[in-house]
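Take a look at the structure set out below.
The values are calculated or read from the model by the stated rules, or taken from the named source; none is laboratory data. Just so we're clear, the structure is a prediction, and the values are computed from it rather than from any experiment. Neighbour counts are summed over all protein chains in view; Cβ atoms, including those assigned to glycine, are modelled from backbone coordinates with ideal geometry. Accessible surface areas use protein heavy atoms only, side chains included; no ligands, DNA or RNA. Shrake-Rupley method; radii C 1.70, N 1.55, O 1.52, S 1.80 Å.
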Amino acid sequence: MNENGEWETHWGSSAIVSVWKTSTDMFSTGYRIKKQEQEYILHSYGRVDVALSHGKNAEAWDVEGKHYYDFTSGIGVNALGYCDEGWVKAVTEQAGKIQHMSNYYYCDKNTQLAELLAKNSGLCRSFFCNSGAEANECAIKIARKYGEKKHAYKIVTLENSFHGRTLTTLAATGQDGFHRLFTPLTEGFVYAKGNDVEDLKAKLSDPEVCAVLLESVQGEGGVVPMEEDYLKAVRALCTERDVLMMLDEVQTGIGRTGYFFSYQRAGILPDVVTAAKGLGGGLPIGVCIAGEKVKDSFAPGMNGSTFGANPVVCAGAVEVVSRVSKPEFLKKVQEKSEYFKERLLKMPNVEFVRGRGMMIGVKVKDKDAHDVLNACAKAGLLILTAKDLVRFLPPLTITKEEIDAGLAIFAEQIK
Ligand SMILES: *Cc1c(COP(=O)(O)O)cnc(C)c1O
């Protein structure tokens, strides 16, 4: 939301300016696509003036053949970049075998993925769905069920958080701007200040609280990391008060921060974890993983999803998880992150840099982040914003050469 309290700029992640300003050629493919979009798609997105056609790792081309470095990976989704060979093979082979079956039947790729996730998370059992919001819905159901016997139903989330777009995950999202126009939302959410142990203690003194749900690095909120000590304190308090600690790793999970799950950096184990964005390597999947305490939460019929655990998507996810969870892979993400941040800090107009792994926010001096985004797109670099920061979520497989080339364009645009 802008200073006047207007709703316009509140479209979340890639909230940007708008429609085709530069494609003036009325016979171009780009023009046709943009006109169709205006006419036939509900206007819930502010779009950048780019119509992408294909890509390879951190590079992409638009329908006119223009080249870009892509430091967004589709908002942290294409974990292995565009069209990674192993991922394409896994997905196409599965599509040629069996593309979907209902959850009435056992599915090999699905069970393989669940085992990989359990082994790499320290948690126990997965529920698969199709998006981050749906994964959080599942976590919220687990929490409600956990608290049911002692009549505890409230969930503490953090101010400035983002948990999704369904009416319940909007309620969980601790930003008033998202709530306007859509009330009444699901009740029972209480908002605490991030990195403030005392405030959390106060909120947890209410016996009706059954869980805490938080991001370890607030993504849409402006790449705001929670301190390691804070996460440890949350863990300890949740145990002490017998409430669930639930981490929303929809953006931070699957190697994004240089750890398979970001909580592994702090050496803690939450009771419930959700993931989505990077998990499918580009296909829609969400997961809610339950730890020991809540692994028996559901009996048949208590939750479900028609498309959840789709074999094609799971085949892609198995490829992503088997590769990203390797210590060498994660170490490289950490090294590239340091390299990326050092290069940014050398730019005179960079005020500060924050974030972890391949989730990096930059405050540019005297420039609006959206203006920078549009200028970069014109110059051949795709980036994101988050609040007043420029945000980079490049593929985890980005090469040093791609970092150099993309950041050279960025440096030029913020001069
Ligand atoms: C993107 C995001 C979501 C919502 O995911 P969808 O797949 O868009 O529903 C939830 N939580 C966090 C932390 C996110 O970054």
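For segment 129-143, check the following and say yes or no: at least one residue is open to solvent by less than 70 Å² (accessible area, probe 1.4 Å), in a strand (DSSP E or B) and under 28 Å from residue 269 (Cβ atoms).
Taking segment 129-143 as the starting set, the residues that turn out to be open to solvent by less than 70 Å² (accessible area, probe 1.4 Å) are 129-140, 142-143.
From the residues that got through so far, the ones that are in a strand (DSSP E or B) too are 129.
Then keep just the ones that are under 28 Å from residue 269 (Cβ atoms); that gives 129.
Scanning segment 129-143 turns up at least one residue that is open to solvent by less than 70 Å² (accessible area, probe 1.4 Å), in a strand (DSSP E or B) and under 28 Å from residue 269 (Cβ atoms).
In segment 55-94, how many are away from the ligand (no atom under 16 Å from the Cβ) and outside any helix (DSSP H, G or I)?
Looking only at segment 55-94, we keep the residues that are away from the ligand (no atom under 16 Å from the Cβ), and these are 55-71, 80-94.
Add one more test, that the residue is outside any helix (DSSP H, G or I), and what stays is 55-71, 80-84.
Looking only at that region, the number is 22.
From the list 307, 298, pick out the single residue that is closer than 30 Å to residue 240 by Cβ and surrounded by fewer than 18 Cβ atoms within 10 Å (Cβ to Cβ).
Numbers: 307 fails: closer than 30 Å to residue 240 by Cβ.
Within the list 307, 298, the selection yields 298.
Of all residues in segment 215-247, which are closer than 14 Å to residue 132 by Cβ and open to solvent by 10 Å² or more (accessible area, probe 1.4 Å)?
Passing the criteria: 215, 220.
Just give me the residues in segment 144-168 being open to solvent by 90 Å² or more (accessible area, probe 1.4 Å) and in a loop (DSSP other than H, G, I, E, B), in sequence order.
Within segment 144-168, 151, 165 qualify.
If a residue must be among the small types (Gly, Ala, Ser) and either more than 13 Å from residue 273 (Cα to Cα) or more than 8 Å from the ligand (Cβ to nearest atom) (or both), how many such residues does segment 126-144 contain?
Filtering segment 126-144 for residues among the small types (Gly, Ala, Ser) gives 126, 131-133, 135, 139, 143.
If we keep only those that are either more than 13 Å from residue 273 (Cα to Cα) or more than 8 Å from the ligand (Cβ to nearest atom) (or both) too, we end up with 126, 131, 139, 143.
So the count comes out to 4.
Report, by residue number, each residue of segment 26-47 that is exposed (fewer than 10 other Cβ atoms within 10 Å of the Cβ) and within 27 Å of the chain's Cα centre (by Cα). If you could, list the steps in order and put the result at the bottom.
First, the residues of segment 26-47 that are exposed (fewer than 10 other Cβ atoms within 10 Å of the Cβ): 26-27, 39-40, 42, 44.
Result: 42, 44.
Hey, among 171, 192, 202, which residue is out of contact with any Asp or Glu (no Cβ under 7 Å at 6 or more places or on another chain), open to solvent by less than 10 Å² (accessible area, probe 1.4 Å) and more than 30 Å from residue 333 (Cα to Cα)? Please lay out each step first, then the result.
Values: 192 fails: out of contact with any Asp or Glu (no Cβ under 7 Å at 6 or more places or on another chain); 202 fails: open to solvent by less than 10 Å² (accessible area, probe 1.4 Å).
On inspection, the qualifying residue turns out to be 171.
Return yes when residue 182 is surrounded by fewer than 16 Cβ atoms within 10 Å (Cβ to Cβ) and within 16 Å of the ligand (Cβ to nearest atom) and no when it is not.
When the stated conditions are applied, residue 182 passes them.
Only one of (1) away from the ligand (no atom under 14 Å from the Cβ); (2) open to solvent by less than 10 Å² (accessible area, probe 1.4 Å); (3) out of contact with any helix residue (DSSP H, G or I) (no Cβ under 6 Å at 6 or more places or on another chain) is not met by residue 332, so which one is it?
Of everything listed in (1) away from the ligand (no atom under 14 Å from the Cβ); (2) open to solvent by less than 10 Å² (accessible area, probe 1.4 Å); (3) out of contact with any helix residue (DSSP H, G or I) (no Cβ under 6 Å at 6 or more places or on another chain), residue 332 misses just condition (2).
Could you run through segment 371-390 and say how many residues are open to solvent by 40 Å² or more (accessible area, probe 1.4 Å) and more than 14 Å from residue 412 (Cα to Cα)? Working first, answer last.
Filtering segment 371-390 for residues open to solvent by 40 Å² or more (accessible area, probe 1.4 Å) gives 371, 374, 378-379, 387-388.
Subset that is more than 14 Å from residue 412 (Cα to Cα): 387-388.
Residues flagged as open to solvent by 40 Å² or more (accessible area, probe 1.4 Å) and more than 14 Å from residue 412 (Cα to Cα) within segment 371-390 amount to 2.
Just for segment 169-179: of the residues that are in a helix (DSSP H, G or I) and more than 8 Å from the ligand (Cβ to nearest atom), which one is farthest from residue 217 (Cα to Cα)?
Taking segment 169-179 as the starting set, the residues that turn out to be in a helix (DSSP H, G or I) are 169-172, 176-179.
Still in the running and more than 8 Å from the ligand (Cβ to nearest atom): 170-172, 176-179.
Numbers: 170: 18, 171: 19, 172: 16, 176: 19, 177: 20, 178: 19, 179: 22 Å.
Ranking the candidates gives 179 first.
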